[in-house]
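These notes are about the structure you will find just below.
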Amino acid sequence: MQRQIVHIDLDSFFVSVERLANPKLIGKPVLVGGTSDRGVVASCSYEARAFGIHSAMPMRMARQLCPEAIIVKGDMGQYGKYSDMVTEIIGGEVPLYEKTSIDEFYIDLTGMDKFFGCYKLATEVRQKIMKETNLPISFALSTNKTVSKVGTGEAKPNGQKEIPFGTEKGFLAPLSIRKIPMVGEKTYSLLRSMGVMWIRTLQEMPCELMEGVLGENGGMIWRKANGIDNSAVVPYSERKSISTERTFDKDTIDVKALKGLLIGMTEKLAFQLRSEHKLTACVTVKIRYSDFNTFTMQARIPYTSLDHVLMEKVNELFNKLYQKRMLIRLVGIKFSHLVHGGHQYNLFEENTAQIQLCEAMDKIRSRYGKDAVNRAAGVSFKQHDFNAFNGLKIGAGKI
């Protein structure tokens with residue numbers, strides 16, 4: 001049975017949501033992101049892209065390219081709300097879907113052509129989303145995820161496209177190698193230095209040559225260029241929270257050491273968030289005293305996965321919660337109200353130095369292990385009598 005895979009992408013999602021709240025932004029160059037010169041563009045309208053602006057560009061440079069651009073700070077709460085609306089619509093209309101980010105989905109309609117034309121069904125899903133949310137949306141239907149994703153890019157803005165079985169290679173051939181998922185700036189520069197500009201050239205190259213130049217990734221890029229992708233649509237399930245807690249064999253009242261421990265715990269959870277491309281909007285701190293009485297306190301925050309924002313809130317909650325001045329048996333932290341979103345959504349943050357610090361530390365952890373680098377304050381608890389404990393638990397359980 002031939003697979004039928006749809007890729008759906010909400011066009012300029014952040015900008016589109018902002019235009020629903022403020023119709024005066026329609027038709028104008030709009031930038032969403034950090035509003036100061038140190039900020040970064042998280043999303044931009046097609047009118048702004050005409051000036052050469054793109055996401056992740058420094059806001060200062062974007063202003064120089066388009067001085068008349070309207071800059072909006074961004075509201076992850078609203079973006080999450082509309083993303084949930086779209087997710088609910090898709091979930092009610094199709095048998096299997098995967099949500100890969102706050103504004104992007106894959107749908108597997110394999111076998112549905114027996115009962116209902118797959119392209120017709122995808123069209124009706126798109127029309128329902130537009131009718132109920134007033135958001136522009138594009139999709140493409142093909143036999144696999146790679147070709148559908150590239151097809152959606154060609155269908156934009158606010159369009160739809162079908163790439164029938166057997167035409168995948170021909171569809172990809174005249175496009176730039178930039179269109180291939182996995183081809184970033186470094187890979188693009190390397191391929192261009194080899195004289196490769198169009199996907200057709202990659203298709204004509206031996207797979208072994210690509211593997212020799214780029215290793216395993218070279219083979220994957222060659223297969224994608226030839227329209228070959230057997231990756232499955234993974235059923236969507238949203239983790240609601242992640243948490244960690246520590247129980248001490250010896251109860252303690254050492255506040256300085258406790259705060260150091262909380263910093264270390266926060267770092268690990270924040271790294272997990274970023275690794276899973278998620279953001280949190282709710283922080284909870286838990287304390288259990290030596291008499292086994294347990295207390296929790298939580299606070300809502302703007303969506304983030306940045307260490308310094310989460311550490312500040314954890315410390316604030318601990319100070320409010322720790323009032324009894326009794327020996328403590330357990331401390332815990334939970335991040336909830338999670339949404340999909342990677343570092344790009346932290347571009348609303350004005351403090352770009354903190355973003356760069358998190359990215360640098362994450363690269364070290366990814367290469368050498370999650371404990372390869374930590375803040376000094378977060379490891380200071382190891383100097384205290386916290387070595388004996390029942391265990392550190394990280395997961396989606398209750399706190």
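The values are calculated or read from the model by the stated rules, or taken from the named source; none is laboratory data. Bear in mind the structure is a predicted one, so any value in this text is a computation, not a measurement. Quick reminder, even Gly has a Cβ in these numbers, built from the backbone with ideal geometry, and neighbours come from all protein chains shown.
Quick one: would you say Gly195 is outside any helix (DSSP H, G or I) and touching a helix residue (DSSP H, G or I) at 6+ places or on another chain (Cβ under 8 Å)?
Here the answer is yes, as Gly195 does meet what is asked.
Conditions: (1) in a helix (DSSP H, G or I); (2) under 26 Å from Glu104 (Cβ atoms). Lys161 meets all but one. Number of the miss?
(1) is the only condition that Lys161 fails.
If Ala281 satisfies every condition in (1) farther than 30 Å from Leu175 by Cα; (2) surrounded by fewer than 21 Cβ atoms within 10 Å (Cβ to Cβ); (3) more than 24 Å from the chain's Cα centre (by Cα); (4) not charged (D, E, K, R) but one, which is the exception?
So the condition that Ala281 fails would be (3).
Can you name the condition, by its number, that Val183 falls short on among (1) under 26 Å from the mean Cα position of the chain (by Cα); (2) at pLDDT 95 or above?
Condition (2) is where Val183 drops out.
May I ask you to say which residue of Ile199, Ile177, Ile163 is under 28 Å from Glu124 (Cα atoms) and in contact (Cβ under 8 Å) with a residue 12 or more places away in the chain?
Exactly one of Ile199, Ile177, Ile163 is under 28 Å from Glu124 (Cα atoms) and in contact (Cβ under 8 Å) with a residue 12 or more places away in the chain, namely Ile163.
Restricting the search to the stretch 59-72, which residues are exposed (fewer than 14 other Cβ atoms within 10 Å of the Cβ) and part of a loop (DSSP other than H, G, I, E, B)?
Pro67, Glu68, listed by residue number.
Could you list all residues from the stretch 73-114 that are over 23 Å from the mean Cα position of the chain (by Cα), part of a helix (DSSP H, G or I) and surrounded by 14 or more Cβ atoms within 10 Å (Cβ to Cβ)?
Passing the criteria: Glu93, Met112, Asp113.
Where residues in the stretch 22-39 are hydrophobic (A, V, I, L, M, F, W, C) and modelled with pLDDT of 95 or more, which of them is farthest from Gln64 (Cα to Cα)?
Ile26
In the list Thr244, Thr296, Thr252, Thr304, which residue meets the criterion of being more than 22 Å from Gly33 (Cα to Cα) and crowded, with 21+ Cβ neighbours inside 10 Å?
After applying the criteria, what remains is Thr244.
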